[in-house]
Amino acid sequence: MTGYNRAPGPAPPWSQVIATTLRLWWQRHVSEPQARARRRHRYRQYGVGSLIVALIAVSAAAIRLATTRADSHDAARAAAPHTLSAADTRRLAAATASRQQAAAWAAAQVSRSVIVSCDPLMCAALAQHGFPAANLAALGPSAADPLGSGIVISTEAIRNELGTRLASVYAPLVLATFGAGQDQVQVRVVAPDGAAAYLTALKADVQARRTAGRELLANKNVRVSAVARRQLLAGQVDVRLLITMAGLAHRYRVAIRSFGDAGPGAAAAAPLRSMTITATSASYRRAVQAFLRAQRAPFLALTSVHTAGRTTVLTIEFPAPAPLGLLNKN
């Protein structure tokens with residue numbers, strides 16, 4: 001039981017008591033207040049730093065939110081269809097119609113072996129109408145002019161690119177015109193040696209056509225309608241048709257009903273590239289077709305047979321553009 005009745009030990013010396021008293025007093029009045037002050041200072045620093053971090057975070061979030069809203073607004077505005085005025089809608093429809101009409105005409109009338117220069121939209125329309133894509137030359141930075149082509153399709157984009165040089169330098173002859181104003185589309189013949197040389201050759205070609213027309217009208221195997229007579233005398237008929245007529249008249253009687261294939265709005269000097277003749281019998285038609293199939297370019301024509309009332313007719317057609325100077329070579 002000795003653990004509970006231990007006798008008190010000796011009292012500590014006064015020097016230890018005084019030292020302990022002074023240490024406690026120092027801790028309570030000096031050391032601890034300083035520690036508390038340092039802790040408060042650190043808390044204030046931590047609080048300010050935390051506030052700054054919080055403000056930065058809030059600012060960043062606000063910026064992200066504003067940016068997201070702006071991006072969303074721009075995306076929505078870009079995705080929303082533009083509202084066109086009635087005038088803009090009409091013009092867009094007119095431009096599309098002109099382009100499609102020109103593409104359909106060119107696909108049907110222009111030789112598939114000819115290179116056609118066009119703006120990208122026009123080239124796409126031509127391809128859609130069956131013109132060989134390999135023979136379409138889109139004008140742009142890499143091909144700034146139609147030289148090297150046989151035909152150029154003049155649209156607003158091409159006119160803006162070439163200006164007055166389109167007619168005065170590159171392509172003076174109009175084969176067909178569709179639409180009007182800014183929406184107008186023209187099919188033009190490219191002059192490989194320049195407009196001046198082409199127009200000189202064209203003038204000589206028209207004169208040669210007149211002379212050949214008069215000679216054919218004097219042939220007893222050739223019969224023509226009144227309209228066809230005037231067209232022959234005016235030099236309006238394609239040289240290839242004139243030479244074909246002369247070859248046929250050497251063997252058969254030829255009754256010419258009409259000449260045609262003039263494009264809408266074509267220049268007066270643009271030749272008529274088709275003629276319709278009467279097929280008096282099936283054997284006559286077969287003989288004429290055999291003669292035509294035996295020809296070689298540039299005299300290899302397209303032919304078609306149809307009826308006009310009770311009469312069977314044969315249409316002979318050459319593609320655009322018409323070559324110049326053929327009569328001077330024969």
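Quick notes on this structure:
- The residue of the range 310-330 that is surrounded by the most Cβ atoms within 10 Å (Cβ to Cβ), among those that are farther than 23 Å from ALA191 by Cα and of a type in the set (S, T, N, Q), is THR315.
- Residues that are among the polar types (S, T, N, Q) and buried (at least 18 other Cβ atoms within 10 Å of the Cβ) were ranked within the range 109-121; the one that is nearest to the chain's Cα centre (by Cα) is SER117.
- Tally, over the range 158-202, of residues that are loosely packed, with under 15 Cβ neighbours inside 10 Å, within 20 Å of ALA94 (Cβ to Cβ) and among the aliphatic types (A, V, I, L, M): 1
- The set of residues from the range 282-299 being surrounded by 15 or more Cβ atoms within 10 Å (Cβ to Cβ) and more than 15 Å from VAL254 (Cβ to Cβ) comprises PRO298, PHE299.
- Lone qualifier among ALA133, ALA95, ALA106 - being closer than 25 Å to PRO192 by Cα and under 14 Å from the mean Cα position of the chain (by Cα): ALA133
- Scanning the range 239-253 for residues that are in contact with a helix residue (DSSP H, G or I) (Cβ under 8 Å, 6 or more places away or on another chain) and either in a loop (DSSP other than H, G, I, E, B) or among the acidic types (Asp, Glu) (or both) turns up ARG251, TYR252.
- Residue match in the range 153-161 (condition: at pLDDT 95 or above, in contact with a His (Cβ under 7 Å, 6 or more places away or on another chain) and closer than 18 Å to ALA322 by Cα): no
- Taken together, the criteria place GLU215 among residues that are more than 40 Å from the chain's Cα centre (by Cα) and acidic (Asp, Glu).
- Some residue of the range 148-157 being surrounded by fewer than 23 Cβ atoms within 10 Å (Cβ to Cβ), assigned by TED's automatic domain parsing to the domain that holds ALA134 and over 21 Å from LEU126 (Cβ atoms): no
- Residue match in the range 204-221 (condition: in contact with a strand residue (DSSP E or B) (Cβ under 8 Å, 6 or more places away or on another chain), free of Cβ contacts under 8 Å to residues at least 24 places away in the same chain and surrounded by 14 or more Cβ atoms within 10 Å (Cβ to Cβ)): yes
The values are calculated or read from the model by the stated rules, or taken from the named source; none is laboratory data. What you see is a predicted model, and the numbers here were worked out from it, not measured in a lab. Please note: Cβ atoms are built from the backbone with ideal geometry, for glycine as well, and neighbour counts cover all protein chains shown.
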